[in-house]
Amino acid sequence: MQISAQNKILGDPSLRKDRTTNDVTGFIRYLSVMTQVKPFDNVHCRNAVAYALDKTAQQLARGGPVGGGAVATTMLTPPLKYYKSFDLFPTAGSKGDVAKAKQELTACGQPNGFSTTLASRSNGKEVAQAEAVQASLAKIGVKVTINKSAPSQYFSSTIGIPANVHKNGIGLAMAAWGPDWPTPYAMLSSIVDGRKILPAGNSNYAELNDPAVNSGLDDGIATTDEAKAQRIWTDTDKAVVKSAAYIPLVYDKALNLFSDRTTNIYFTSAYGMADFAQFGVVK
């Protein structure tokens, strides 16, 4: 349900109880910080963004804790095996830390801030997310111009072709991702593997190419030892977040409304959706 319908449902306790589910989808909403677009080729400028972001504002932009999701601090999502909670950029109430962000700006040689372009899709909740990013970064002197693209062009052309990203000076981009099958490798490989940066159809939008991340992906799928696998995937996740090329925002949740004639509603995190094959219908 989108926000307007969600508010109506939340205002009717009986409707919510009988006909809705509120499910963790396994998707993550995140911010890509383009490592090949100045000044974000400097990790301290990326760190400044990570510290400045008000993630509770991102949560509200998605619809709040019910239909929007939970504040995210990792790129692996809670439904996945080997997910482990950590926070490398902690801020009070997840509302951002202006002082730390400004320290990072000074470290990257931009003490007075700078201007950049943020790409987003032109409809849905992502517009509100982009505006929330803009407001967060304004607090540290970073002026953000929002470049909205049609959803049909966004991933294929606007941010999916690195040459377009560079030419248009896109320093930041709103993004979302979920695994095709429920494993850490499926979640991370397409979006963080530096060996998979493509001239077109690219999913590693930030063009992250970190040896620790690349080797972690290889080691993670090669081991059969459970304890070792946990260490590898946690370390790999931490390496991604530490790069500040990808900033986790919200672990996605969906408020779903079903007919009052539908029975046996079952949500499976493996596919991030209701299992329609299990549905029944009351005649």
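The values are calculated or read from the model by the stated rules, or taken from the named source; none is laboratory data. Since this is a predicted model, take the numbers as computed values, not measurements. Note that we place each Cβ from the backbone using ideal geometry, even for glycine, and neighbour counts take in every protein chain shown. Keep in mind that these areas ignore ligands, DNA and RNA; they rest on the heavy atoms of the full protein, side chains included. Shrake-Rupley method; radii C 1.70, N 1.55, O 1.52, S 1.80 Å.
See the values below:
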item: Per-pair calculated FRET efficiency, R0 = 22 Å: Lys196 and Asn164 via Cβ, rounded to 0.05; result: 0.80
item: The chain, accessible surface, carbon-and-sulfur percent (1.4 angstrom probe); result: 52
item: Links that overshoot a 27 Å alpha carbon limit, given the list Lys228/Lys253; Lys148/Lys238; Lys196/Lys238; result: Lys228/Lys253; Lys148/Lys238
item: Residues of the chain: accessible area per residue with a 1.4 Å probe, Å²; result: 45
item: Simple label model, 7 Å out from Cα along Cβ direction - Val66 to Lys228, nm; result: 4.8
item: Sites matching chymotrypsin sites (Phe, Trp or Tyr not before Pro) across segment 217-283 that sit in DSSP coil, with at most 13 neighbouring C-beta atoms within 10 Å; result: Tyr266
item: Extension reserve of the Arg261-Lys38 stretch, reckoned as 0.36 nm per residue once the Cα distance is removed; result: 74.8 nm
item: Hz values of 3J(HN,Hα) by residue in segment 79-84 - Karplus curve (6.51, -1.76, 1.60), Gly and Pro given as x; result: x, 7, 4, 6, 4, 9
item: Extended-chain gain in nm, criterion 0.36 nm per residue less alpha-carbon gap, Val127 and Lys242; result: 38.8 nm
item: Inter-probe distance in nm under a simple model that places probes 7 Å from Cα toward Cβ, at Arg19 and Lys81; result: 3.9
item: MRE, 222 nm, helices only [DSSP H, n ≥ 4, -39500 (n - 2.57), over the chain, to nearest 500]; result: -11000 deg cm²/dmol
item: Largest to smallest principal axis extent of the C-alpha atoms in segment 46-202, angstrom; result: 42, 36, 31
item: Under the span-like rule (Cα at least 24 Å along the axis, Kyte-Doolittle mean at least -1.0), DSSP H helices of the chain; result: 226-243
item: Extension gain (nm, one decimal) between Gln2 and Ile146, 0.36 nm per residue minus Cα-Cα; result: 49.6 nm
item: Extent along principal axes [Cα atoms of the chain; Å; largest to smallest]; result: 67, 45, 37
item: Filtered chymotrypsin sites (Phe, Trp or Tyr not before Pro), segment 54-136: DSSP coil and at most 16 other beta carbons within 10 Å; result: Phe86
item: The chain: relative contact order in percent, alpha carbon pairs under 8 Å with at least 6 residues between; result: 31
item: Where only C-alpha atoms are counted, convex hull volume of segment 1-88 per residue in Å³; result: 125
item: Kirkwood Rh and Cα Rg combined as Rg/Rh, segment 1-49; result: 1.35
item: 15 Å cut-off, amide nitrogen to a point 7 angstrom out along Asp275 Cα→Cβ, residues in segment 250-267; result: 263-267
item: Calculated over segment 69-120: convex hull of Cα atoms, volume per residue (Å³); result: 136
item: Protein-only accessible surface order, largest first, of Val43, Val37, Val281 at 1.4 Å; result: Val281, Val43, Val37
item: Whole-angstrom Cα spans of segment 163-246 along principal axes, big to small; result: 45, 25, 20
item: Where Lys148, Lys242 fall by accessible area, highest first, once all protein chains stay in place (1.4 Å); result: Lys242, Lys148
item: Electrostatic dipole magnitude of the chain [Cβ: Lys, Arg +1; Asp, Glu -1; Cα centre; debye, to 20]; result: 700
item: Between segment 228-273 and segment 185-201, the alpha-carbon center distance in angstrom; result: 18
item: Loop-located trypsin sites (Lys or Arg not before Pro) in segment 1-104 whose Cβ has at most 16 other Cβ within 10 Å (DSSP); result: Lys81, Lys84, Lys95
item: Orientation-averaged projected area, Cα convex hull of segment 105-179 (nm²); result: 5.9
